[in-house]
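Structure record follows, encoded as structure tokens.
The values are calculated or read from the model by the stated rules, or taken from the named source; none is laboratory data. Because the structure is a prediction, the values reported are computed rather than measured. Accessible surface areas use protein heavy atoms only, side chains included; no ligands, DNA or RNA. Shrake-Rupley method; radii C 1.70, N 1.55, O 1.52, S 1.80 Å.
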Amino acid sequence: MRSTLTDIAREAGVSAATVDRVLNNRPGVRARTREIVLEMAHRLGYIAEGPNGAPPRPSPGEVIRLDFALPAGTNSFIKMLHRHIEAQALARPDLDVHIATIEGFNPDRLARLLQELRGQTQGVGVIALDHPTVREAIRSLSANDVKVVTIASDILHVPRVAYIGIDNRAAGRLAGYLLNRFMGSERPSKVALFAGSLSYRGHEEREMGFRHILTEESPNLKIVEMREMLDDREKAYSEASALLDRHPDLAAIYNVGAGNTGIARALKERGRAKDILFLGHEVTDGTKELLLDGTLDAVIDQNPRVEAREALNILSHSVRHLSYEPHQPRLQVIFKENIPEI
């Protein structure tokens, strides 16, 4: 079946009205948004000829090999990102895309995988642990003219082409601001922090931003515990259960990473789902249900569809030595009343 305006809008991350304005060459659309819409219309076969701004069509046989290294496990956001990379890669005949998953939070295992990609690939997208062995592996790839982008969590001081993701420090500050607005700045209250792994710079930056804004604006809110869950639902459940037993007067939980469903299960079993404020990250099928039943009060979201698209575009343009203006995902707060389609 031929693609529709709605299909293009969904994949481009804009409204159908914006797609209509672009395809009919009407004003009122930013140049970068126009490029994205035209590129997606071309890929979905809505328009026959490649528009300005779309990746150039390769010569016969000129296919770019790209590899992605993603963590394994129960993290629903990572699974969504995986699916979007695969789906968008299928619409790119100019790309040969491979995705590998890494079991556990093991930087040495990730570093070995990256080292093994030397000589096999032209570009790598990675959700990377910030560790010396991983940094050296990225430097080694770059020295062999392999283009690298970091996704969702950045690593500084390595020769990567770009970071694709939200400002995680700002995300942590946003969580602290929401907590203050929900709870007020007068009554003393206990708050707990959960993280997937602070080996991810992104999780560490969220924690830093959260702590800083509470210190600045909400000295009445005291962080009583910080727990790492390794993005595992069962570990999140056990840690949350023990936390609730230790602190029966706990007022709020901020989960920096995955494992929201495990925390929610512990809250529901103890009848605390409605009286403990719960903030998390990423709109997934699981967090949508928790928003709807009131267990989660708000979710800070980044768009995995946009991150997948930008990773493929940035890497392919970089390999071809072409300029490209990145279009980063927006940092947004999702409540029960504005849950988006995923």
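Worth pointing out:
- Surface per residue (accessible, 1.4 Å probe) for the chain, Å²: 44 Å²
- For the chain, modelled as a GNM whose springs connect Cα atoms under 10 angstrom apart, the maximal fluctuation among Gln120, Gln302, Gln88 occurs at Gln120.
- Straightening the chain between Glu116 and Glu325 buys 72.3 nm, computed as 0.36 nm per residue apart minus the Cα-Cα spacing.
- According to the Cα-based calculation, Rg over Rh for the range 150-226 is 1.06, with Rh computed by the Kirkwood formula.
- With viscosity 0.692 mPa s and temperature 37 °C, the Kirkwood radius over alpha carbon pairs of the range 161-305 converts through Stokes-Einstein to a diffusion coefficient of 218 µm²/s.
- Debye intensity ratio in log₁₀ form over the Cα atoms of the chain, taken at each q of 0.07, 0.14 Å⁻¹: -0.32, -1.13
- Accessible-area composition of the range 258-342, carbon plus sulfur, in percent [1.4 Å probe]: 48 percent
- Overall, the anisotropy analysis places the range 105-169 in the oblate class: the square-rooted eigenvalues a ≥ b ≥ c of its C-alpha gyration tensor yield a/c not less than 1.5, with a/b not exceeding b/c.
- Inter-centroid distance (Cα atoms) of the range 242-276 relative to the range 65-136, Å: 32 Å
- Of the accessible area of the range 199-242, computed with a 1.4 Å probe over protein heavy atoms only, carbon and sulfur atoms account for 44 percent.
- Anchor Lys336: aspartates and glutamates whose Cα lies under 20 Å away (excluding residues fewer than 8 positions away in-chain): Asp275, Glu282, Asp285, Glu289, Asp293, Asp297, Asp301
- Computed over protein heavy atoms with a 1.4 Å probe, the carbon and sulfur contribution to the accessible area of the range 138-177 reaches 50%.
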